[in-house]
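> Handing you a structure now.
We did not get these values from a lab; they are worked out from the coordinates using the rules stated. It should be emphasised that the depicted structure is a prediction, and the values quoted were computed from it without experimental measurement. Cβ sites come from the backbone with ideal geometry, for glycine too, and all protein chains shown count toward neighbours.
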Amino acid sequence: MKKKNSRKEREYLQRRNEILDVALTLFSQKGYYNVSMNEIADKSEFSVGTIYNFFPNKESIYSILLIERLAYFHERLKTALEKPGDEIQKIKRWVNEKIRLFYENMDYVKLYFSETMDSRYNINKKVTDKIKKHRKIILELVKTIFLKGINKKVFIETDPYLLAVALDGMCNTLLCENLDNHDIHKIEADIILNIFFFQIYQKGAMGNA
């Protein structure tokens, strides 16, 4: 049985998370370089000294934000890919989960895309390397699913890893483009999959979708 945190530990975690939530909003709105520790303290209604009791510096707050949310995203996407179903169902479930995470965590997604799509804003190489590592694990899972689909003649004969990269890239590009226009152009899994799958289905396989 998991040990229950003491009241002191719960209060510590609550304050820590409040600081992280405020910092996430500020970083996503203004960018890393335009946010100060004083501003984080002011918006979170803690003193600067209190902020430093939790985090040694601004870079630490930023790095922890990215790494902890990344682990949460990774687990959600991995679970979606590992649930039972045929290859098409697994791919659709994965894309749906990516979109769901996007709309649930738009502030975080802005930081994530700044790390993965624009090297000018990379703050910490260790964080960027972790992002790349997690992404590669997910892509390998998607590659395996595409490979099984190719062997079953569901998908055309092509490099399954490139298919995984192409679909992931399409999702990320559309979602990134949608960050500032999500109220106008809502991205749905069927939009992405209809474009992508139309190119790679074997003739006759569309009827099985």
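> Can you tell me the equivalent ellipsoid semi-axes for the chain? Use √(5λ) from the Cα gyration tensor, largest first, whole Å.
Value: 38, 19, 15 Å, ordered largest first.
> Pairing the Cα long axis of helix 87-104 with the longest principal axis of the chain, what angle in degrees results, from 0 to 90 and rounded to the nearest 10?
The answer is roughly 30 degrees.
> By the scheme Lys and Arg +1, Asp and Glu -1, what is the net charge of all other residues having a beta-carbon under 14 Å from that of residue 23? Working shown, then result.
Details: positive: 15, 16, 30, 43, 58, 69, 110; negative: 18, 21, 39, 42, 45, 59, 68, 107.
After counting each charged neighbour, the total is -1.
> How large is the translational diffusion coefficient of the range 1-55 in µm² per second when you combine the Kirkwood radius over alpha carbon pairs with Stokes-Einstein at 37 °C and 0.692 mPa s?
D, rounded to a whole number, is 272 µm²/s.
> I need to check one value: relative contact order of the range 1-55, counting alpha carbon pairs closer than 8 Å and at least 6 residues apart, in percent. All intermediate terms of the calculation are to be shown ahead of the outcome.
Numbers: 20 pairs, mean separation 16.9, N = 55.
Contact order relative to length: 31 percent.
> Shifting gears a bit: Points 7 angstrom from Cα along the Cβ direction at residue 38 and residue 195: gap in nanometres?
So the label points at residue 38 and residue 195 sit 4.5 nm apart.
> Specify the residue with the greatest mean-square fluctuation among 195, 138, 91, computed from a Gaussian network of the chain linking alpha-carbon atoms under 10 Å apart.
Of the options given, 195 has the highest mean-square fluctuation.
> Still on this structure, please answer the following. Would you calculate a helix-derived [θ] at 222 nm for the chain, using -39,500 (n - 2.57) for each DSSP H run of n ≥ 4 and dividing by the full residue count, to the nearest 500?
On the way: 9 runs with 151 residues, N = 209.
When only DSSP H runs of four or more count, the value is -24000 deg cm²/dmol.
> What's log10 of I(q)/I(0) for the range 1-109 at q = 0.10, 0.18 Å⁻¹, Debye sum over Cα points only, no solvent?
Debye output, listed in q order: -0.40, -0.93.
> Same structure, new question: Check which residues have an amide H placed less than 5 Å from residue 154's amide H, if you skip close sequence neighbours.
none
> Hey, another quick one. List, in the order given, every pair from 78/153; 152/186; 30/126; 30/130 whose Cα-Cα distance in the structure shown is over 31 Å.
Details: 78/153 25 Å; 152/186 33 Å; 30/126 23 Å; 30/130 24 Å.
Too far apart for the 31 Å limit: 152/186.
> With springs only between Cα atoms under 10 Å, which of 62, 52, 103 fluctuates most in a Gaussian network model of the chain?
52
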